[in-house]
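Enquirer: Okay, here's the structure, questions in a sec.
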Amino acid sequence: TTLTDCGLGSSLDLGFEEFKHFVTAYQSSEGFLAEEVDAARAVFRRLGGLRQLPRPRLVEALSGVFGAHAAEAARELAERLSSGEESDGEASRDPSQAEGLTFHEFMVCARILRETLMSTMWCRFAEADSDGDGLVPGEALAALLPSLCGITLLRGSATELLADAAKAAATAGRRRRTPQGAAGRGGGTPNGRGEDLPLEQRSLDFDGFVRFLDACRASEGFARAESEELEAVFNRFDYNSSGEIEVVELLDMLRYLGYSTSLETVHELIKAVDANCSGGLCSKEFRRLMRLHREMEIEVTRELFSAQARRPGGSGEPELQAAVLPDVLEAFGWDLQASALEAVAREFGSPEQFTFDDFFTVAQRCRRLFAEQRRRHAGFSVQEVKHIKALFQANGASEQCVIDMKGLEGVLASLGASVGTAERRKEVLETLEEARREARAMGVAAQDLGSPDDQSAISLPLGLHLIRALGRQGERSSVDREMQAMERTDFTHSDVAGFREVFFNILDHGTPSDARAEDSEVKVPGKRRSSAPSLEGAVAVVRQPPARAAAYLARSTQSRRDDGINTLRSSLGCPVSGPQLSFADLWQLVRSLGTRPTQEQRAELASKVRELAALRLSAGSKEEAMAQSSLAPSSTAPTGIAAGEKVDFATFLCLMHWMSKVNFANINEAAASVLSAGQGHLVLVRGGTRGQLAGGGAAEHHAVSSPQAGGTALAVAAAAVASPGGVRKRRASLS
């Protein structure tokens with residue numbers, strides 16, 4: 001391919017001049033194909049512009065080129081470059097001495113990373129090549145995948161992906177991919193032997209093995225039918241056809257798939273797989289999220305299977321007897337009727353025994369039935385439906401659980417959504433028609449939908465969809481407020497994620513004690529939890545937490561305490577919805593950073609809290625919000641702040657920006673001191689217009705010279721002091 005790119009055709013017979021052309025072309029592209037260079041250039045320009053890529057975005061850029069599976073290796077490379085361990089040309093310059101990387105330096109980094117990845121693949125391949133013939137048997141492939149790309153394949157998917165790898169080999173020809181020092185070990189054919197043979201009878205050489213890995217990574221290990229289904233779901237909820245699912249869209253999508261979730265959990269899940277830090281998920285990132293979930297599903301399913309499976313005759317592959325299938329499936333908590341389980345078994349021919357692959361396929365079919373059932377209930381769990389039904393009955397519902405408009409107003413009032421004005425009543429009636437259309441699309445029976453002309457009979461199924469639609473409005477309001485606050489403060493998605501960590505740490509655990517605030521030895525945990533801003537290396541993205549994200553999804557169908565109803569009440573309680581901090585919590589956070597604010601500064605902060613709380617960013621234009629919220633405390637702000645006054649997350653962002661910009665109580669210096677105490681080699685480098693944290697070799701601190709840079713440092717330092725031991729137990733889960 002390189003020969004063709006430099007105009008030498010495909011001949012392997014080169015004269016000296018042609019050979020020089022070949023070497024020049026290979027060096028200029030760092031060994032990448034022309035289309036690979038174009039793709040890398042697009043990532044470079046998106047993250048860094050035309051000239052330089054900020055070094056803190058190196059990991060993000062490399063992950064964009066190679067995929068999420070390469071994030072850890074990219075992070076290690078960035079750390080080696082920062083410490084000077086890697087000495088490959090210009091790419092190894094001290095990051096404290098240069099603001100960014102040129103495109104050629106970025107391609108050098110990409111080439112080093114590719115060689116690292118290829119070397120790792122070769123080592124795994126060589127370990128599996130037990131007889132040294134340059135071929136790996138098909139049955140050994142499954143054991144190699146989890147460590148290389150985090151994918152566990154079932155037999156059907158493996159067969160499909162092997163066929164895809166064979167097609168790729170037929171298209172690409174015999175282009176050798178053996179890393180340096182491994183020449184002569186490959187053998188065999190690029191496709192492996194016997195394309196039409198069962199998996200256990202196939203074998204792959206190194207080229208075929210690499211193409212097989214590429215096929216697995218491209219599809220995230222999903223079979224073609226599953227990939228098409230995921231793509232259809234993604235497109236269904238990409239409301240604005242942007243090619244990216246945003247927070248509210250993902251919230252709707254997960255509920256459609258059968259998960260009870262919340263805004264807080266969705267933010268966590270996005271952070272787990274958002275490789276480009278856009279605040280949303282592209283189709284590729286969404287498949288990655290679903291793969292994390294699939295891995296946890298496989299783990300849970302295997303545990304249930306192993307507890308009941310038996311080996312026929314004491315040997316062979318374990319099998320599950322059909323008689324115990326309903327009991328095992330019941331452990332998933334899907335609340336399906338016995339008739340539905342029997343129907344699923346008949347779909348698979350009612351076998352007397354199930355292998356694990358067969359059992360997992362049956363479980364997935366039951367999972368889809370459960371999702372369909374939950375969609376008819378507007379995504380509410382069984383316990384949530386019971387709670388809302390009880391509210392219907394308490395407000396005059398009939399035996400068929402049908403209620404009139406007055407009773408519905410009582411139900412909504414019990415959930416925190418008052419319908420006290422004519423305008424609000426009109427909005428609810430308009431939303432009722434939206435809910436009726438949604439309920440019809442989700443398969444609610446026609447007799448439960450009622451008539452648009454008759455508002456005196458509202459069934460429980462229709463009421464569930466109305467309550468969900470009203471809750472969605474509150475969730476959109478909350479997201480809109482956060483986006484307006486983000487635009488106003490000029491924080492990045494990564495900054496916002498860091499402050500979100502602080503906010504919910506305080507909600508979960510409270511603020512650090514006064515003793516800690518007085519302690520000059522505040523430590524930043526060396527190993528930050530995955531959803532907090534990372535302090536290690538020149539990175540702008542957080543470590544991927546696959547087990548954590550998948551665990552949210554794995555608990556997706558289990559009944560929990562009343563959290564779903566509490567979340568619903570919060571979202572219905574417009575205009576300011578969601579969790580909120582008290583002023584006392586905010587004040588204690590400021591002190592926990594090591595500041596020594598005066599009583600006058602306490603009054604100044606209280607005045608700013610009142611001003612922002614009264615502003616209601618969700619109401620009015622951005623220009624009006626900007627005009628009303630100046631840096632100086634408002635002289636017309638209401639007085640007498642109550643100890644229980646609350647601050648939602650959007651307001652919290654604005655406060656953090658204000659404190660950083662005016663350096664409230666020398667908070668920027670206090671944040672730098674916290675970082676210095678926990679990680680002495682941190683250097684604040686400025687890439688573009690925004691400061692970022694990068695691991696450098698020097699022990700000095702550059703002064704925080706901009707509110708953006710100060711905000712980033714403040715987010716990391718606040719997360720460090722607000723997180724108990726660097727580990728936080730989250731209340732939210734996808735249930």
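The values are calculated or read from the model by the stated rules, or taken from the named source; none is laboratory data. Every value quoted in this text rests on a predicted model; they were computed, and no experiment measured them. Every residue, glycine as well, gets a Cβ built from its backbone with ideal geometry; the counts of neighbours run over all protein chains shown. We work out accessible area using only protein heavy atoms, side chains counted, and drop any ligands, DNA or RNA first. Shrake-Rupley method; radii C 1.70, N 1.55, O 1.52, S 1.80 Å.
Enquirer: Given the structure, is SER241 touching a helix residue (DSSP H, G or I) at 6+ places or on another chain (Cβ under 9 Å) and open to solvent by less than 50 Å² (accessible area, probe 1.4 Å)?
Expert: No: the conditions fail for SER241.
Enquirer: Also, I was wondering about something else. Residues in the stretch 349-371 that are closer than 20 Å to GLU229 by Cα and touching a strand residue (DSSP E or B) at 6+ places or on another chain (Cβ under 8 Å): how many?
Expert: Count: 1.
Enquirer: In the stretch 292-318, what residues are open to solvent by less than 50 Å² (accessible area, probe 1.4 Å) and acidic (Asp, Glu)?
Expert: GLU295, GLU297
Enquirer: Being closer than 30 Å to PRO579 by Cβ and modelled with pLDDT under 90, is that true of even one residue in the stretch 315-330?
Expert: no
Enquirer: Check the stretch 296-306 and report whether any residue there is among the hydrophobic types (A, V, I, L, M, F, W, C) and within 24 Å of ARG500 (Cβ to Cβ).
Expert: yes
Enquirer: Let me ask something else about it. Please verify whether SER478 is crowded, with 23+ Cβ neighbours inside 10 Å and on the phi < 0 side of the Ramachandran plot, treating the condition exactly as stated.
Expert: Yes: the conditions hold for SER478.
Enquirer: Those residues that are aliphatic (A, V, I, L, M) and in contact with a Ser or Thr (Cβ under 7 Å, 6 or more places away or on another chain), I need them from the stretch 389-405; list them, please.
Expert: LEU391, VAL402, MET405
Enquirer: Here's another thing I want to ask about it. May I ask you to verify whether ALA417 is surrounded by fewer than 19 Cβ atoms within 10 Å (Cβ to Cβ) and either without any contact (Cβ under 8 Å) to a residue 40 or more places away in the chain or over 21 Å from VAL444 (Cα atoms) (or both)?
Expert: No, not satisfied.
Enquirer: Is at least one residue of the stretch 398-405 within 13 Å of GLY463 (Cα to Cα), without any contact (Cβ under 8 Å) to a residue 12 or more places away in the chain and surrounded by 15 or more Cβ atoms within 10 Å (Cβ to Cβ)?
Expert: no
Enquirer: Still on this structure, please answer the following. Of all residues in the stretch 319-343, how many are open to solvent by less than 60 Å² (accessible area, probe 1.4 Å), under 28 Å from VAL266 (Cβ atoms) and small (Gly, Ala, Ser)?
Expert: 1
Enquirer: Of the numbered conditions (1) in a loop (DSSP other than H, G, I, E, B); (2) modelled with pLDDT of 75 or more; (3) open to solvent by 20 Å² or more (accessible area, probe 1.4 Å); (4) over 23 Å from ALA275 (Cα atoms), GLU160 fails exactly one; give the number of that condition.
Expert: (1)
Enquirer: Could you tell me which of the residues GLU249, GLU229 is acidic (Asp, Glu), open to solvent by 60 Å² or more (accessible area, probe 1.4 Å), modelled with pLDDT of 85 or more and in a helix (DSSP H, G or I)?
Expert: Matching residue, one of GLU249, GLU229: GLU229.
Enquirer: Considering every residue within the stretch 13-31, establish whether at least one is within 30 Å of PRO146 (Cα to Cα) and at pLDDT below 80.
Expert: no
Enquirer: To continue, here is another question. State whether the residues of the stretch 478-493 include one that is closer than 30 Å to PRO579 by Cβ, within 20 Å of the chain's Cα centre (by Cα) and of a type in the set (D, E, K, R).
Expert: There is at least one residue in the stretch 478-493 that is closer than 30 Å to PRO579 by Cβ, within 20 Å of the chain's Cα centre (by Cα) and of a type in the set (D, E, K, R).
Enquirer: Looking at ARG425, ARG346, ARG368 in this structure, which one is under 23 Å from GLN455 (Cα atoms), surrounded by fewer than 19 Cβ atoms within 10 Å (Cβ to Cβ) and among the basic types (Lys, Arg)?
Expert: Result of the check over ARG425, ARG346, ARG368: ARG425.
Enquirer: Restricting attention to the stretch 481-498, and to residues there that are among the acidic types (Asp, Glu) and surrounded by fewer than 21 Cβ atoms within 10 Å (Cβ to Cβ), which single residue is nearest to GLU409 (Cα to Cα)?
Expert: Among residues in the stretch 481-498 that are among the acidic types (Asp, Glu) and surrounded by fewer than 21 Cβ atoms within 10 Å (Cβ to Cβ), the one nearest to GLU409 (Cα to Cα) is GLU487.
Enquirer: Kindly list the number of the only condition in (1) modelled with pLDDT of 90 or more; (2) touching an Asp or Glu at 6+ places or on another chain (Cβ under 8 Å); (3) under 30 Å from ARG294 (Cα atoms) that fails for HIS387.
Expert: Of (1) modelled with pLDDT of 90 or more; (2) touching an Asp or Glu at 6+ places or on another chain (Cβ under 8 Å); (3) under 30 Å from ARG294 (Cα atoms), only one is false for HIS387: (3).
Enquirer: Kindly indicate whether ARG468 is open to solvent by less than 30 Å² (accessible area, probe 1.4 Å), in contact with a Leu (Cβ under 6 Å, 6 or more places away or on another chain) and not polar (S, T, N, Q).
Expert: Considered against the rule, which asks whether it is open to solvent by less than 30 Å² (accessible area, probe 1.4 Å), in contact with a Leu (Cβ under 6 Å, 6 or more places away or on another chain) and not polar (S, T, N, Q), ARG468 comes out as no.
Enquirer: Just a yes or no: is a residue in the stretch 271-291 open to solvent by less than 10 Å² (accessible area, probe 1.4 Å), at pLDDT 85 or above, assigned to a helix (DSSP H, G or I) and aliphatic (A, V, I, L, M)?
Expert: Within the stretch 271-291, one or more residues are open to solvent by less than 10 Å² (accessible area, probe 1.4 Å), at pLDDT 85 or above, assigned to a helix (DSSP H, G or I) and aliphatic (A, V, I, L, M).
Enquirer: Next up: Of everything in the stretch 17-32, what is aromatic (Phe, Trp, Tyr) and either free of Cβ contacts under 8 Å to residues at least 12 places away in the same chain or closer than 21 Å to VAL65 by Cα (or both)? Give them in sequence order.
Expert: Hits for the stretch 17-32 are PHE19, TYR26, PHE32.
To keep it simple, each residue is scored yes or no on (1) over 15 Å from GLY279 (Cα atoms); (2) touching an Asp or Glu at 6+ places or on another chain (Cβ under 6 Å); (3) modelled with pLDDT of 85 or more.
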site	(1), (2), (3)
ALA445	yes, no, yes
ASP454	yes, no, no
SER459	yes, yes, yes
ALA469	yes, yes, yes
ASP490	no, no, no
